[in-house]
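*Asks:* Provided herewith is a single structure, encoded as structure tokens, for subsequent inquiry.
Derivation of every value follows stated rules applied to the coordinates shown; laboratory data play no part. Note that the coordinates shown come from a computational prediction; the quantities given were computed from them, not determined experimentally. Positions of Cβ are generated from backbone atoms using ideal geometry, with glycine treated the same way; all protein chains shown enter the neighbour counts.
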Amino acid sequence: MFEFWIEGGLPTLNEYTKVSRGNKYASAGMKKDAEEKIMFEIALSGTGEFTPPAFITFEWHEKNKRRDKDNVCFAKKFILDALQKSRILKDDGNKYISGFKDVFVYEKKQGVKVTITGDEGEA
């Protein structure tokens with residue numbers, strides 16, 4: 001098992017859709033920026049490659065309940081892509097990921113705690 005923390009908010013589906021409607025290059029830039037931020041946090045965590053299949057828990061920390069849960073957890077796409085680019089996961093297909101769990105916490109800090117285990121329930 002390993003985990004890492006991503007400080008601050010990541011783009012929501014609504015934000016990403018709005019930007020992509022205006023300029024396809026801007027949405028690519030938004031995705032790249034989010035992935036670079038995540039990859040930086042992965043590098044700080046000192047983790048290595050994970051043996052599949054992985055079960056991933058995303059603990060979304062939000063300051064308030066203004067952003068819809070489905071829009072917030074859209075950012076897992078950026079996290080999964082960053083995990084691949086960081087060579088933590090070989091792929092994000094069914095062979096390599098057994099499932100996900102989303103948990104929402106409302107408090108003063110904003111960010112995402114990502115926990116990867118061998119399978120659901122294993123720690």
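*Asks:* Round to the nearest 10 and give me the degree value, 0 to 90, for the angle of helix 76-85's Cα axis relative to the longest principal axis of the chain.
*Replies:* Between the helix axis and the principal axis of the chain, the angle is about 60 degrees.
*Asks:* Based on the alpha-carbon set only, what is the convex hull volume of the chain divided per residue, in Å³?
*Replies:* So the per-residue Cα hull volume is 103 Å³.
*Asks:* If you build a Gaussian network model of the chain, linking Cα atoms that sit under 10 Å apart, which residue out of D92, D68, D81 swings the most?
*Replies:* D68
*Asks:* Give the whole-number value, in cubic angstrom per residue, of the convex hull volume spanned by the C-alpha atoms of the stretch 71-123.
*Replies:* That works out to 104 Å³ per residue.
*Asks:* Still on this structure, please answer the following. Please report the antiparallel percentage of the DSSP beta bridges confined to the stretch 2-117, to the nearest 5. Spell out each step's value before the answer.
*Replies:* Details: 13 of 22 bridges.
DSSP beta bridges in the stretch 2-117 are roughly 60 percent antiparallel.
*Asks:* To the nearest 0.05, what FRET efficiency results for D68 and A43 with a Förster distance of 41 Å applied to their C-beta separation?
*Replies:* 0.85
*Asks:* Express in whole angstrom the spacing between the alpha-carbon centres of the stretch 8-42 and the stretch 65-123.
*Replies:* After rounding, the separation between the Cα centres reads 16 Å.
*Asks:* Could you list, in their original order, any pairs among K24/K63; K77/K101; K37/K85 whose Cα atoms are separated by more than 20 Å?
*Replies:* K24/K63
*Asks:* For the chain, with a Gaussian network of springs between Cα atoms less than 10 Å apart, report the residue from A26, A34, A82 with the top mean-square fluctuation.
*Replies:* Residue with maximal mean-square fluctuation among A26, A34, A82: A26.
*Asks:* On to the next question. Within 10 Å of each residue's Cβ, count the other Cβ atoms and sort F74, F4, F40 from fewest upward.
*Replies:* Final ranking by Cβ density, sparse to dense: F40, F74, F4.
*Asks:* Between A28 and K113, what is the label-to-label distance in nm when each label sits 7 Å out along the Cα-to-Cβ direction?
*Replies:* Roughly 3.7 nm, to one decimal.
*Asks:* For the residue pair V105 and E3, what label-to-label distance in nm results when each label sits 7 Å from Cα along the Cα-to-beta-carbon direction?
*Replies:* 0.7 nm
*Asks:* Counting other beta carbons within 10 Å of each Cβ, put Y106, Y16, Y96 in order, fewest first.
*Replies:* Values: Y106 11, Y16 21, Y96 17.
Exposure proxy ranking, most exposed first: Y106, Y96, Y16.
*Asks:* Can you sort K65, K76 by how many other beta carbons sit within 10 Å, fewest first?
*Replies:* K65, K76
*Asks:* Additional query: For the Cα atoms of the chain, what angle does the longest principal axis make with the long axis of helix 13-22, in degrees from 0 to 90, nearest 10?
*Replies:* That works out to roughly 50 degrees.
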